[in-house]
Ligand code: BGC
């Protein structure tokens, strides 16, 4: 290509990535996330390589290929080819942080937490997806820290209880916390999976309705609200807990939840989405460049990008990168106000002459998921420019895999793939398309 064509192509690409940014700003729930980011025409509409689809780089992210009943990893999907990885975060470390954050809040605010003074600290719990390992870990983390967990098959039972007014539910038990020499009972008054009638999980609107029902049954017995994520947490905060000054604890550190800490939201956990979004695209970039996968991760790249080992771990046997979590509370929330800000140590632009533009197909399983649309995708859109990746963003409906796989009709047009499944069991629906 001569210089003029290159600069024309670059101008087109720039325009396209701006279009992708503006369409991705929407959290409206429509699945138009990527439709304006079509890449046809930038370079004749085809990927620049003749690599077979089955040999192209592939990254799973946010939903780890695994059995939704047992949690067992889907090793076939994680080893689809030698350029396949998963990027997520350390679910157990984060879950433990969330549980501890809530417990410490209770200890530090014991003088006012028990609203009706009956000696029972009551909480309600919004569960995201009973078949998602991250959701299961968070439910366990809260129950473990508060002493309400009971063992099932060698681990803490993570099933929802429905309602548990008198403490007799079998999936949980009443816990005991001794604070300042006094013993308090801790009771999970209610919990349910927040799934809407169309089947979408982690559903914020469902959580907003649930707190309405729970607050009319339990009133001032509810002292704490725990949620598997901020999308559901903020819905409950806005619907009830803010006005009633009951602290809500979520997960994700979305910007709106962090801002709400100033208004009484109890706290959240950052799953370091700024590191995850980088890793998601970085492992693809490295495979496309044919360099060691650690480049720009544990080892500085030619632009100086590098991550320190306090923000992620790599588990070779799981082919998985996990970002580490940080608790965000009233003490430190000022440092987390913009969840879409890229992580400074990996913010240097790659040189296009050494890292040519490549095409990536990437889907978000549910275009209306708060975390993915308000935090993760904007971060990906910031990093795709830095890494010279021309990403087509596809937004799913959160309910059916086919809504997404139908839009992977021509994998030959792309150099690499980044996949966020609706259901963690369904990796084969995608790999089948890449194997044809
Ligand atoms: C996030 C949730 C999100 C889910 C989607 C989780 O890691 O915490 O907010 O709904 O991923 O898969």
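No lab work stands behind these numbers, since they all come straight from the coordinates. Here the structure is a predicted model, which is why all the values come from computation and not from measurement. Don't worry about glycine lacking a Cβ; one is built from the backbone with ideal geometry, like all the others, and counts go over all protein chains shown.
Listing for the model above:
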quantity: For 101, 194, order by how many other beta-carbon atoms lie within 10 Å, fewest first; calculated: 101, 194
quantity: Sequence-separation-based contact order of region 277-336, relative, with Cα cut under 8 Å and 6+ spacing, percent; calculated: 17 percent
quantity: Helix 273-289 axis, angle to the chain major axis (alpha carbon atoms, nearest 10°); calculated: 30 degrees
quantity: Between 0 and 90°, nearest 10: helix 377-386 axis offset from the chain longest Cα axis; calculated: 30 degrees
quantity: Spin-label pair residue 120/residue 433, simplified geometry with 7 Å Cα→Cβ offset, distance in nm; calculated: 5.0 nm
quantity: Whether region 355-436 is rounded, prolate or oblate, judged on the alpha carbon gyration tensor where a/c under 1.5 counts as rounded; calculated: oblate
quantity: Separation between Cα centres of region 57-95 and region 370-417, rounded to whole Å; calculated: 17 Å
quantity: Within a Gaussian network of the chain (alpha carbon springs, distance under 10 Å), most fluctuating of 58, 177, 387; calculated: 177
quantity: Cα centroid separation - region 315-347 against region 127-176, whole Å; calculated: 26 Å
quantity: Neighbour-count order for 240, 202, fewest beta carbons within 10 angstrom listed first; calculated: 240, 202
quantity: Within region 217-255, backbone nitrogen closer than 17 Å to the virtual label 7 Å beyond the Cα of residue 209 toward Cβ; calculated: 217, 232-233, 235-237, 239-240
quantity: MRE, 222 nm, helices only [DSSP H, n ≥ 4, -39500 (n - 2.57), over the chain, to nearest 500]; calculated: -9000 deg cm²/dmol
quantity: Three-way shape label, the chain, alpha-carbon gyration tensor, a/c 1.5; calculated: prolate
quantity: Angle in degrees between helix 133-146 and the longest Cα principal axis of the chain, rounded to the nearest 10; calculated: 30 degrees
quantity: Contact order normalised by residue count of the chain, Cα under 8 Å, 6+ apart, percent; calculated: 22 percent
quantity: Segment residue 302-residue 335, extension gain: residue separation times 0.36 nm, minus the distance between their alpha carbons; calculated: 9.0 nm
quantity: For the chain, built as a Gaussian network whose Cα springs stay under 10 Å, the top-fluctuating residue of 133, 325, 209; calculated: 209
quantity: Cα gyration tensor category, rounded, prolate or oblate, for region 265-416 with a/c compared to 1.5; calculated: oblate
quantity: Additional length obtainable on full extension of the chain from residue 150 to residue 81, 0.36 nm per residue less Cα span; calculated: 20.9 nm
quantity: Calculated FRET efficiency for the pair residue 353/residue 216, C-beta based, R₀ 60 Å, to 0.05; calculated: 0.40
quantity: Neighbour-count ranking [beta-carbon atoms within 10 angstrom, fewest first] of 335, 90, 230, 50; calculated: 50, 335, 90, 230
quantity: Most mobile listed residue (277, 253, 210) in the chain, GNM with C-alpha springs under 10 Å; calculated: 210
